[in-house]
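I have placed the structure first, in the form of C-alpha cells, so that the comments after it can refer back to it.
The values are calculated or read from the model by the stated rules, or taken from the named source; none is laboratory data. Small disclaimer: the values here were computed from a predicted structure and weren't measured. Positions of Cβ are backbone-derived with ideal geometry, glycine not excepted, and every protein chain shown enters the neighbour counts.
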Amino acid sequence: MKIKRISTIIVDMPLIRPHVMSLMTVEVVNYLFVRVEAENGAAGWGETSFLGGPTWSEESAESAQAVVNTYMGPFLIGKEAEEIEGLRHLMGSLVRGNHFAQAAVELALWDLLGKLRGLPVYDLLGGKVRDKVPLSWSLASGTLEAELKEAEERAAQGGFIFKFKTGLMKPEEDAARIKNIRQAFPKAWLRADANQGWDRFTAIRAIRLFEEYNMDFVEQPVPKSDIDSLVAIAGSTSIPLLADESLESLQAATQLVKRDAVGMFGIKLSKAGGLLGAKRLAAIAEGAAFPCYVGSMMESPLCNAAHLHFACSTPAVTMGCELFGPMLLADSLTEEQSIFKDGHICLNEPKPGFGVTMREDKIRRYQRAPFHHIG
C-alpha cells in the first residue's frame, strides 16, 4: 500500500503545573504530529514532543516540522507504507541525526501498518510480554510541601515509585527532598534525575549524599558526551547510573557498555528515532544484562500508547516507566485516554495500530497554524 499524503502540524499544550528541571522549567509542551495517509484512505498518526525548544535535545518542533516537510516527506510519497525498515533506512540517508523528526514519521507508519493489518502494534513487534508497566512519578514541582502532597496523592492510587528532578538546587537541598519522601514512604522506590545538571565532582558529592536513602538509580548526572565522568562517578558511588541523554545513537550505547559507564538504559522513542531504534537499544541492554526504563517527554496519549506498546513487548523493560504525561496536560487531544491503575499504566483493549483516535477539533484549538500537506 503506497503512501499518498503526509501532513504535519505543531500543537502547543499547557501543563496544569510547571515541571521544574535543571535545564529549564516547562509550562507548555510543544508537539509535532505527523499523519501518514495510504492510497486506500487509511491513515496513521505519529508524534514527537519537545520541552523548551532545542534545549533538551538539538531539535525543536519547528526544526522537526521543517525536516519532515522539506527533507523527508516528499521522498516518501509513493513508497510502500508497509516497508518500515526500508523507509527508516531511507530517512536516515536523507537526514543526519534529527531522530525526533524521524520518530514522528516512523510512529505514524507503525500506526498505519497496524490499521492495514488489523493488529495492535505490540503484535507487530513480536507480541506482549506484559499487560501493564509500573509507573514512576517525577517530583518536580519545586517545593518540599508540594512534592509530599503529590507523593501522597500517587501513593493513595497505588503508586510507590518516585523520581526526583535534581541538579537545580544544591546537593544538600536535593538530599533533603529525598529524605523528606523516604521518611514518609519507607518502602517506596526512589530515583533521581539530574538531566545533565552536574559536573563530575558535584555529581559524586550529591550521589554520596543520596546513598543512605536506598536509591534505585541516578539518571544522567553529567552532560551526555562526558563518558569519562560517567566512568569516574560509577566507580566512586554505590548507586547505579542510568543513561538517558547519552543514548543518542547505537554507537554511543555500545561505548557506554564497553566502558562500564552506566548500568541501566532509559529509552525514549523520540530520542531513539522510533520503535526500531528503541528495540535495538533494548537489545544492546539485554546483551549487557542491563535493565531498561522507559522515559517521558510529556507525550499525549498517542505517543504514550506507542511507548507502552514498546514497553509491553520488550522483556528488558524491568524498571518501569514514567509515562505520566497525560496526567499533567491541561487538555486531551485524543478520544481514548491512557489507563492508570494501581500504580501502573495499562494497555487498552486491543485495537489496530496504537489504538488511539485523534481529536482534530482539539488539535485546531491548540495549533499554531493549519496542517501542512505533502502529496
* Asked: Would you call Asn30 outside any strand (DSSP E or B), in contact (Cβ under 8 Å) with a residue 12 or more places away in the chain and within 22 Å of Phe354 (Cβ to Cβ)?
  -> no
* Looking only at the stretch 264-303, count how many residues are among the polar types (S, T, N, Q) and either crowded, with 24+ Cβ neighbours inside 10 Å or part of a helix (DSSP H, G or I) (or both). => 2
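Residues checked against (1) part of a loop (DSSP other than H, G, I, E, B); (2) under 22 Å from Lys279 (Cα atoms); (3) in contact with a Cys (Cβ under 8 Å, 6 or more places away or on another chain); (4) not assigned by TED's automatic domain parsing to the domain that holds Asn180:
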{"residue": "Thr202", "(1), (2), (3), (4)": "no, no, no, no"}
{"residue": "Glu211", "(1), (2), (3), (4)": "no, no, no, no"}
{"residue": "Asp216", "(1), (2), (3), (4)": "no, no, no, no"}
{"residue": "Pro221", "(1), (2), (3), (4)": "yes, no, no, no"}
{"residue": "Asp228", "(1), (2), (3), (4)": "no, no, no, no"}
{"residue": "Val231", "(1), (2), (3), (4)": "no, no, no, no"}
{"residue": "Ile239", "(1), (2), (3), (4)": "yes, no, no, no"}
{"residue": "Leu247", "(1), (2), (3), (4)": "yes, yes, no, no"}
{"residue": "Leu256", "(1), (2), (3), (4)": "no, yes, no, no"}
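Taking the condition of being of a type in the set (A, V, I, L, M), closer than 21 Å to Cys292 by Cα and assigned to a loop (DSSP other than H, G, I, E, B), how many residues in the stretch 318-364 meet it?
Here is the first cut: in the stretch 318-364, the ones of a type in the set (A, V, I, L, M) are 319, 323, 327-330, 333, 339, 345, 347, 356, 358, 363.
Still in the running and closer than 21 Å to Cys292 by Cα: 319, 323, 345, 347.
Add one more test, that the residue is assigned to a loop (DSSP other than H, G, I, E, B), and what stays is 323, 347.
So the count comes out to 2.
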* Asked: Quick one: in the stretch 340-354, which of the residues that are within 18 Å of Leu124 (Cα to Cα) and among the charged types (D, E, K, R) is modelled with the lowest pLDDT?
  -> Glu349
* Structure fact -> Residue hits (the stretch 1-16; assigned to a strand (DSSP E or B) and in contact with a helix residue (DSSP H, G or I) (Cβ under 7 Å, 6 or more places away or on another chain)) are Ile3, Ile6, Thr8, Ile9, Ile10, Val11, Asp12, Met13, Leu15, Ile16
* Inspect the stretch 307-315 for any residue being aromatic (Phe, Trp, Tyr), closer than 29 Å to Val67 by Cα, surrounded by 24 or more Cβ atoms within 10 Å (Cβ to Cβ) and not assigned by TED's automatic domain parsing to the domain that holds Leu32 and give the result as yes or no. => yes
* Asked: Does Glu37 satisfy being of a type outside the set (Phe, Trp, Tyr), surrounded by fewer than 22 Cβ atoms within 10 Å (Cβ to Cβ) and at pLDDT below 95?
  -> no
* Looking at the stretch 365-375, which of the residues that are of a type outside the set (Phe, Trp, Tyr) and not in a loop (DSSP other than H, G, I, E, B) is nearest to the chain's Cα centre (by Cα)? -> Gln367
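Going by the structure shown, is Asp244 within 16 Å of Glu322 (Cβ to Cβ), in contact with a Lys or Arg (Cβ under 7 Å, 6 or more places away or on another chain), modelled with pLDDT of 95 or more and of a type in the set (D, E, K, R)?
Here the answer is no, as Asp244 does not meet what is asked.
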* Given (1) closer than 21 Å to Val129 by Cβ; (2) crowded, with 17+ Cβ neighbours inside 10 Å, where does Leu230 come up short, assuming only one miss? -> (1)
